[in-house]
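The values are calculated or read from the model by the stated rules, or taken from the named source; none is laboratory data. In this text, all values refer to a predicted model and were calculated from it rather than measured experimentally. Cβ atoms come from the backbone with ideal geometry, glycine included; neighbour counts cover every protein chain shown. These accessible areas exclude ligands, DNA and RNA; they are computed on the full protein's heavy atoms, side chains included. Shrake-Rupley method; radii C 1.70, N 1.55, O 1.52, S 1.80 Å.
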Amino acid sequence: SSDLAATRGSISREVLTSGVLEPKTAVDAGSQVSGTIQSLSADFNARVKAGQVLAQIDPAPYDTRLAEARAERIQGEAEAERLRSELDDLRTKAARAVELAKDGLITQAELDAAQMAVKQSDAALKAAIAGAQAANARVDEAAVNRARTTIRSPMDGLIVSRNVEVGQTIAA
């Protein structure tokens, strides 16, 4: 009757099988910009968190393009400001020309020329403002591309493969 006595203990079950283990979700972490891999911060079998830096592409060319875009923006804004001042001056001269023409002190051709100068300067200012806005958009684009030189993990997980090495040039 001792064979039927109740005892306390752990129960375990083992399942042995063969096959391929697949991840629930697999995501490729790639690059949206081209360049040379400067550093790798995570390797095969490493656990990573969403947003963690995985790799760094050499940012120097992107830093240069961002600096150039900022300089173009400053230049465009300065040109717009210069044309704004010029337009103000031409408007003042055109207003004087109207008064002088009323008194017959200048010809109609001189009055027309003063008014045409205002219209031309106004058009040039509008073009310069548009150019400055385009330069500002190029700054934004260059800043986004610069930020994309840092490759981050899109999710929490485990790195199952790495297809690049430090010094390797990759394409976007």
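Do you know which residues across the range 26-60 are at positive phi and open to solvent by less than 50 Å² (accessible area, probe 1.4 Å)? Don't jump to the end; show me each part of the working.
Within the range 26-60, the subset at positive phi is 35, 45, 51.
Residues satisfying the conditions are Gly35, Gly51.
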Original post:
Of the residues that sit in the range 112-169 and are β-branched (Val, Ile, Thr) and in a helix (DSSP H, G or I), which one is nearest to Asp89 (Cα to Cα)?
Top reply: Val118
Original post:
Taking the range 1-52 only, how many residues are closer than 30 Å to Ile170 by Cα and acidic (Asp, Glu)?
Top reply: 3
Original post:
Which of (1) open to solvent by 70 Å² or more (accessible area, probe 1.4 Å); (2) aliphatic (A, V, I, L, M); (3) part of a helix (DSSP H, G or I) does Leu105 not meet, given it meets every other one?
Top reply: (3)
Subject >> Failed criterion for Asp103 (all others in (1) among the charged types (D, E, K, R); (2) out of contact with any Asp or Glu (no Cβ under 8 Å at 6 or more places or on another chain); (3) modelled with pLDDT of 95 or more hold) >> reply: (3)
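Out of curiosity, is Arg138 open to solvent by 40 Å² or more (accessible area, probe 1.4 Å) and within 17 Å of the chain's Cα centre (by Cα)? Break it down into steps so the answer makes sense when it comes.
On the way: open to solvent by 40 Å² or more (accessible area, probe 1.4 Å): yes; within 17 Å of the chain's Cα centre (by Cα): yes.
Considered against the rule, which asks whether it is open to solvent by 40 Å² or more (accessible area, probe 1.4 Å) and within 17 Å of the chain's Cα centre (by Cα), Arg138 comes out as yes.
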